[in-house]
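Student: My questions will all concern the structure given below.
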Amino acid sequence: MSGTPQKRTIFYGWWIVAAAFLNLFLAVGVIFYGFPVFYSAFVKYLGFTRAQVTQGFLFGFLFAGLPFGLLAGAVIDRIGVRWVILSGVVLSGTSLLLMGSITKLWQYEMLCIMQVLGYVLAGPISNQVLITRWFRARRGRAMGYAYLGLGLGGVVSPLLVDFLIRTIGWRHALEAIGLLILAVLIPVGIWITRSTPADLGLDPDGIASSHASGNPPGNAPVSVTEAPVSASKGVAAAVRTANFWLILVGATLVIGAVGAVIQHFILFLKDQGYSGTTATRFSTALLASSLGGRVLVGYLADRFQKKNLMALFYLLIGASILMLSAAHQPVAIWAFAVIFGFSMGADYMLIPLVVAECFGAASLGKLLALIIMGYSLGQWGAPWIAGAIFDAHHSYELAWKIMAAAGLLGAGVIYAVRPPPRQNSFGRTNN
């Protein structure tokens, strides 16, 4: 033996986390959190109502997101998550480039449908599956780091969009963001993203190939953070359980409330007398607070029961929405931004972890596709409901009461989830 120390290499899974970070930063964070800054321009220059600025995404979910989303898990399993993400990137970036030329409502709605399809393919479903396949023991931490991209995208995007609108106008701002998405994420998808560790002869968490370790392929030690492999359930079995429906209903209620607040927050603040720039800063503070939630939950999820953490954060989301009744006081808005933002930082990240905890990872892609398509009805439908309520009453007061109730109810539903007993790496059951 030469005695020369072996050079340690970085597990390629962390490059996958970096790729997922960028996907979530641009394809989800910038679009989902930055796009509402354009709503004021759509209302002012195109004459859209509050319901119309959000109904394009509702139509996108109903006509494209739902049918394609239900197939996303099967498509990921068949052609690989890498190509699914690349397809979504092209659709998302191109839709924004074309949106800079719209003059009619139907054009806006068609491009929203295209954008939602891109979101479905390049967004949470694909990136959650990607991280889940590359990590086991460190899955919560890896998911937390990846979802920092979504949070940072949300922090940056309101200020970026506001700056671009004031500098080059809202039409060119849309085109610039679309070009940015294409220029960054297409190279990342081609040169960095790999669908599974097996593509590089690895197992999750950087363990050497199973053949080299003496274990049969796919039989690495079971993580304490998911159901044991023997308990992993197929899609048909999972949808017949109470846990599946509790997760679906709870997530739909709370993510609907979150979506309504995020999509209407800037418009609401401007109605309260705040300037567009000030409203954008409050939005940025809210999304900056979400980073704390994402970082903390990434560590807590590896140590405590995930469904209880999810219920706690959902409870805080519902309770904090009630604070919007005092929005005329800046201190109330700052407090709301911190509490709501910190709590919502855990929302998307905890769902795949709770699903894996209940059903294992064998059919995770298909199960997440079903759950995400289910809660997307809330994500895209609730903002439309809030807009319709405003158009009818010229106030968001009733909308916020409904969303707060949805958040509190969703917390109770998630708390009722009962994961199976977990096994540790020695095969013992942890109750």
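Student: (1) at pLDDT 95 or above; (2) open to solvent by less than 30 Å² (accessible area, probe 1.4 Å); (3) more than 20 Å from the chain's Cα centre (by Cα): which one isn't true of Phe11, the others all being true?
Tutor: All conditions are met except number (1).
Student: Taking region 283-298 as the search range and keeping residues that are open to solvent by 10 Å² or more (accessible area, probe 1.4 Å) and not hydroxyl-bearing (Ser, Thr, Tyr), which one is nearest to the chain's Cα centre (by Cα)? Step through it out loud before you land on a result.
Tutor: The initial filter retains those residues of region 283-298 that are open to solvent by 10 Å² or more (accessible area, probe 1.4 Å), namely 283-285, 288-289, 291-292, 295-296.
If we keep only those that are not hydroxyl-bearing (Ser, Thr, Tyr) as well, we get 285, 288, 291-292, 295-296.
Numbers: Ala285: 18, Ala288: 15, Leu291: 13, Gly292: 16, Val295: 15, Leu296: 17 Å.
Among those that are open to solvent by 10 Å² or more (accessible area, probe 1.4 Å) and not hydroxyl-bearing (Ser, Thr, Tyr), it is Leu291.
Student: Going by the conditions given, is Leu150 open to solvent by 10 Å² or more (accessible area, probe 1.4 Å), assigned to a helix (DSSP H, G or I) and either acidic (Asp, Glu) or touching a residue at least 24 places away in the same chain (Cβ under 8 Å) (or both)? Talk me through it step by step, then tell me what you get.
Tutor: On the way: open to solvent by 10 Å² or more (accessible area, probe 1.4 Å): no; assigned to a helix (DSSP H, G or I): yes; either acidic (Asp, Glu) or touching a residue at least 24 places away in the same chain (Cβ under 8 Å) (or both): yes.
It is false that Leu150 is open to solvent by 10 Å² or more (accessible area, probe 1.4 Å), assigned to a helix (DSSP H, G or I) and either acidic (Asp, Glu) or touching a residue at least 24 places away in the same chain (Cβ under 8 Å) (or both).
Student: Pull up region 319-373, narrow it to residues that are outside any helix (DSSP H, G or I) and touching a residue at least 60 places away in the same chain (Cβ under 8 Å), then point me to the one that is most open to solvent (accessible area, probe 1.4 Å).
Tutor: Initially, region 319-373 is screened for residues outside any helix (DSSP H, G or I), giving 327-329, 345-346, 360-363.
Imposing the further condition that a residue be touching a residue at least 60 places away in the same chain (Cβ under 8 Å) reduces the set to 345, 360-363.
Details: Gly345: 0, Gly360: 1, Ala361: 39, Ala362: 83, Ser363: 25 Å².
Among residues in region 319-373 that are outside any helix (DSSP H, G or I) and touching a residue at least 60 places away in the same chain (Cβ under 8 Å), the one most open to solvent (accessible area, probe 1.4 Å) is Ala362.
Student: Which residue is nearest to Gly144 (Cα to Cα), if the candidates are limited to region 29-65 and must be among the β-branched types (Val, Ile, Thr), at pLDDT 90 or above and part of a helix (DSSP H, G or I)?
Tutor: First, pick out the residues of region 29-65 that are among the β-branched types (Val, Ile, Thr): 30-31, 37, 43, 49, 53-54.
Still in the list and also at pLDDT 90 or above: 37, 43, 49, 53-54.
Applying the additional criterion that residues be part of a helix (DSSP H, G or I) yields 37, 43, 53-54.
Working: Val37: 26, Val43: 36, Val53: 31, Thr54: 29 Å.
If we take residues in region 29-65 being among the β-branched types (Val, Ile, Thr), at pLDDT 90 or above and part of a helix (DSSP H, G or I), then Val37 is nearest to Gly144 (Cα to Cα).
Student: Could you list, in sequence order, the residues of region 337-349 that are farther than 15 Å from Gly318 by Cβ, at pLDDT below 85 and not aromatic (Phe, Trp, Tyr)?
Tutor: Restricting attention to region 337-349, the residues satisfying the condition of being farther than 15 Å from Gly318 by Cβ are 337-338, 345, 348-349.
Subsequent filtering for residues that are at pLDDT below 85 retains 345, 348-349.
Answer for region 337-349, where residues must be farther than 15 Å from Gly318 by Cβ, at pLDDT below 85 and not aromatic (Phe, Trp, Tyr): Gly345, Met349.
Student: Quick check on region 105-119: of everything there that is open to solvent by 10 Å² or more (accessible area, probe 1.4 Å) and in contact (Cβ under 8 Å) with a residue 24 or more places away in the chain, which residue is farthest from Ser376 (Cα to Cα)? Even if it seems obvious, please write down each step before you answer.
Tutor: Going through region 105-119, the residues open to solvent by 10 Å² or more (accessible area, probe 1.4 Å) turn out to be 105-107, 109-111, 113-114, 117, 119.
Subset that is in contact (Cβ under 8 Å) with a residue 24 or more places away in the chain: 105, 109, 111, 113-114, 117, 119.
Working: Leu105: 22, Glu109: 17, Leu111: 18, Ile113: 13, Met114: 16, Leu117: 12, Tyr119: 11 Å.
Per the criteria, the residue is Leu105.
Student: Inspect region 33-50 for any residue being more than 26 Å from His393 (Cα to Cα), of a type outside the set (S, T, N, Q), open to solvent by 10 Å² or more (accessible area, probe 1.4 Å) and within 18 Å of the chain's Cα centre (by Cα) and give the result as yes or no. I'd like the intermediate steps shown before the answer.
Tutor: Step one: filter region 33-50 for residues more than 26 Å from His393 (Cα to Cα), giving 34.
From what is left, the residues that are of a type outside the set (S, T, N, Q) are 34.
When the remaining residues are screened for being open to solvent by 10 Å² or more (accessible area, probe 1.4 Å), the result is none.
Within region 33-50, not a single residue is more than 26 Å from His393 (Cα to Cα), of a type outside the set (S, T, N, Q), open to solvent by 10 Å² or more (accessible area, probe 1.4 Å) and within 18 Å of the chain's Cα centre (by Cα).
Student: Does any residue of region 157-176 turn out to be within 25 Å of Val297 (Cα to Cα), touching a helix residue (DSSP H, G or I) at 6+ places or on another chain (Cβ under 9 Å) and at pLDDT 80 or above?
Tutor: Here is the first cut: in region 157-176, the ones within 25 Å of Val297 (Cα to Cα) are 157-158.
Pick out the ones that are also touching a helix residue (DSSP H, G or I) at 6+ places or on another chain (Cβ under 9 Å) and you get 157-158.
With the extra rule that they be at pLDDT 80 or above, the set shrinks to 157-158.
Looking for residues that are within 25 Å of Val297 (Cα to Cα), touching a helix residue (DSSP H, G or I) at 6+ places or on another chain (Cβ under 9 Å) and at pLDDT 80 or above, one finds at least one in region 157-176, hence yes.
Student: Counting only residues that are of a type in the set (D, E, K, R) and in contact with a helix residue (DSSP H, G or I) (Cβ under 6 Å, 6 or more places away or on another chain), which one in region 91-137 is nearest to Val43 (Cα to Cα)?
Tutor: Restricting attention to region 91-137, the residues satisfying the condition of being of a type in the set (D, E, K, R) are 104, 109, 133, 136.
Then drop every residue that is not in contact with a helix residue (DSSP H, G or I) (Cβ under 6 Å, 6 or more places away or on another chain), which leaves 109, 136.
Values: Glu109: 14, Arg136: 47 Å.
The residue in question is Glu109.
Student: Checking the structure you have, find out if any residue of region 222-236 is more than 25 Å from Ile31 (Cα to Cα), at pLDDT 80 or above and in contact with a helix residue (DSSP H, G or I) (Cβ under 7 Å, 6 or more places away or on another chain). Talk me through it step by step, then tell me what you get.
Tutor: Going residue by residue through region 222-236, those that are more than 25 Å from Ile31 (Cα to Cα) are 222-236.
With the extra rule that they be at pLDDT 80 or above, the set shrinks to 235-236.
Right, trim to in contact with a helix residue (DSSP H, G or I) (Cβ under 7 Å, 6 or more places away or on another chain) and you get 235.
Yes.
Student: Follow-up. Of all residues in region 158-171, which are without any contact (Cβ under 8 Å) to a residue 24 or more places away in the chain and under 24 Å from Asn23 (Cβ atoms)?
Tutor: If we filter region 158-171 for residues that are without any contact (Cβ under 8 Å) to a residue 24 or more places away in the chain, which is where we start, we get 163-164, 166-169.
Hits for region 158-171 are Phe163, Leu164.
Student: Follow-up. Out of the residues in region 79-101 that are over 17 Å from the mean Cα position of the chain (by Cα) and under 11 Å from Leu117 (Cα atoms), which is least open to solvent (accessible area, probe 1.4 Å)? Spell out the reasoning first.
Tutor: Quick first cut of region 79-101, residues over 17 Å from the mean Cα position of the chain (by Cα) only: 79-80, 82-83, 86-87, 90-91, 93-101.
After this cut, where a residue has to be under 11 Å from Leu117 (Cα atoms) as well, the list is 87, 90-91, 95.
On the way: Ser87: 58, Val90: 67, Leu91: 42, Ser95: 0 Å².
Here the residue is Ser95.
Student: Which is crowded, with 20+ Cβ neighbours inside 10 Å, touching a residue at least 60 places away in the same chain (Cβ under 8 Å) and either over 30 Å from Tyr45 (Cα atoms) or not basic (Lys, Arg) (or both), of Val184, Val155?
Tutor: Numbers: Val184 fails: crowded, with 20+ Cβ neighbours inside 10 Å.
Result of the check over Val184, Val155: Val155.
The values are calculated or read from the model by the stated rules, or taken from the named source; none is laboratory data. Predicted model only: the values in this text are computed from it and were never measured. Every residue, glycine among them, receives a Cβ derived from its backbone with ideal geometry; neighbour counts consider all protein chains shown. We work out accessible area using only protein heavy atoms, side chains counted, and drop any ligands, DNA or RNA first. Shrake-Rupley method; radii C 1.70, N 1.55, O 1.52, S 1.80 Å.
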